[in-house]
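Remarks on the structure that follows.
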Amino acid sequence: MSLPRVVVFGEALTDIVQTTPGHWRGYPGGAPWNVARTLSKLGIATGFGGAISEDSLGEEIAEQSIAAGLDMRFIQRVKADPLVAVVPSSAPPTYFFAGEADLRFSLDALPEGWLDEVEICHFSCISLAREPLASLLIRTAEQAKAAGKVISYDPNWRNLMTARYREETFPTLGKLASTIKLSDEDLKNLYPGYEEAQALQALRELNPEAQVLFTRGERGLTLYTAEGTHEQPALKVTVADTVGAGDASMAGWLGSGLLGITDLQQRLVFAAACASVSCSHAGAYSPTVAEVEALIAERGR
């Protein structure tokens with residue numbers, strides 16, 4: 001069995017959400033896992049490099065990973081409490097994290113030769129703010145970069161990220177990455193006190209050669225490259241919810257290039273369509289190429 005073209009490193013977790021007072025519901029998620037699952041649904045051979053628990057919560061993540069077609073050789077099952085995000089309120093969002101299964105991830109358990117075959121390594125979210133996993137993944141990114149692999153990075157700011165993350169982790173990954181995806185909210189947290197234009201300029205100076213995919217929700221996407229800027233409006237749909245939309249756009253951007261789309265504007269359209277299809281379904285929905293192409297064709301009329 002051949003090895004995947006993309007490995008997404010980080011956490012998979014269960015969101016435990018209070019839907020109404022006293023009523024809770026669990027949803028498998030985690031930004032890196034969402035990106036991996038969407039890439040696989042788009043037909044890209046993908047591995048999710050992360051550890052999940054052996055209990056029922058981990059089993060649901062494993063089952064959905066299999067259903068999405070992820071390479072299960074990269075997912076590690078461990079005897080540890082499951083990682084959960086407890087969400088007492090969604091509006092405004094309040095949350096905290098518990099569990100440690102994600103922290104048990106080991107590079108030694110990955111398939112032999114994976115680094116020789118992989119084309120893109122993607123890193124994001126709280127996995128880069130939880131030790132000892134964070135240091136392990138930063139070393140992995142450095143090794144992959146040294147081996148000539150493309151590094152993709154989405155900071156995906158969360159409340160457990162500290163000044164150390166802002167001052168050390170973010171610039172380290174930012175300088176390694178060929179692609180940096182971040183939202184307007186991420187930018188505000190990474191560059192507090194900056195106007196948006198100032199923050200974007202500081203980000204561009206951090207790594208002038210990187211492609212920066214900047215997302216603004218319903219206001220669309222902007223791509224910054226060393227050669228210029230490309231704008232893409234959001235593709236309007238009836239929104240069920242926006243959970244996972246940013247992850248879908250990230251996967252759409254990476255996946256479009258691997259699917260052979262070379263024109264940057266067409267890749268932006270594909271990424272925007274991935275986000276919109278995701279928003280038209282409840283939960284962190286992973287679109288297929290057929291769904292994405294159907295939406296593009298419909299909005300192109």
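The values are calculated or read from the model by the stated rules, or taken from the named source; none is laboratory data. In this text the structure is predicted, and so the values were computed from the model without any measurement. Reconstructed Cβ throughout: ideal geometry from the backbone, glycine too, with neighbour counts over all protein chains shown.
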Consider ALA273 carefully, then state whether it is surrounded by fewer than 18 Cβ atoms within 10 Å (Cβ to Cβ) and out of contact with any strand residue (DSSP E or B) (no Cβ under 8 Å at 6 or more places or on another chain). no
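What's the total number of residues in region 254-301 that are part of a helix (DSSP H, G or I) and either at pLDDT 95 or above or within 22 Å of ARG219 (Cβ to Cβ) (or both)?
So the count comes out to 26.
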Every residue in region 130-158 that is in contact with a Pro (Cβ under 9 Å, 6 or more places away or on another chain) and either among the polar types (S, T, N, Q) or closer than 17 Å to LEU103 by Cβ (or both), please. ASN156
Restricting attention to region 216-239, and to residues there that are modelled with pLDDT under 90 and farther than 14 Å from SER183 by Cβ, which single residue is surrounded by the fewest Cβ atoms within 10 Å (Cβ to Cβ)? THR238
Do you know which of the residues in region 146-174 that are polar (S, T, N, Q) and buried (at least 21 other Cβ atoms within 10 Å of the Cβ) is modelled with the lowest pLDDT? ASN156
Out of (1) part of a strand (DSSP E or B); (2) closer than 19 Å to ALA109 by Cβ, what's the single condition that is false for ASP15? (2)
How many residues are more than 19 Å from VAL35 (Cβ to Cβ) and surrounded by 23 or more Cβ atoms within 10 Å (Cβ to Cβ) if we restrict to region 120-145? 0
For region 178-199, give me each residue that is under 22 Å from GLY252 (Cα atoms) and either in contact (Cβ under 8 Å) with a residue 40 or more places away in the chain or surrounded by 18 or more Cβ atoms within 10 Å (Cβ to Cβ) (or both). THR179, ILE180, LYS181, LEU182, SER183, ASP186, LEU187
What number of residues within region 81-101 are outside any loop (DSSP other than H, G, I, E, B), more than 18 Å from GLU11 (Cβ to Cβ) and without any contact (Cβ under 8 Å) to a residue 24 or more places away in the chain? 1
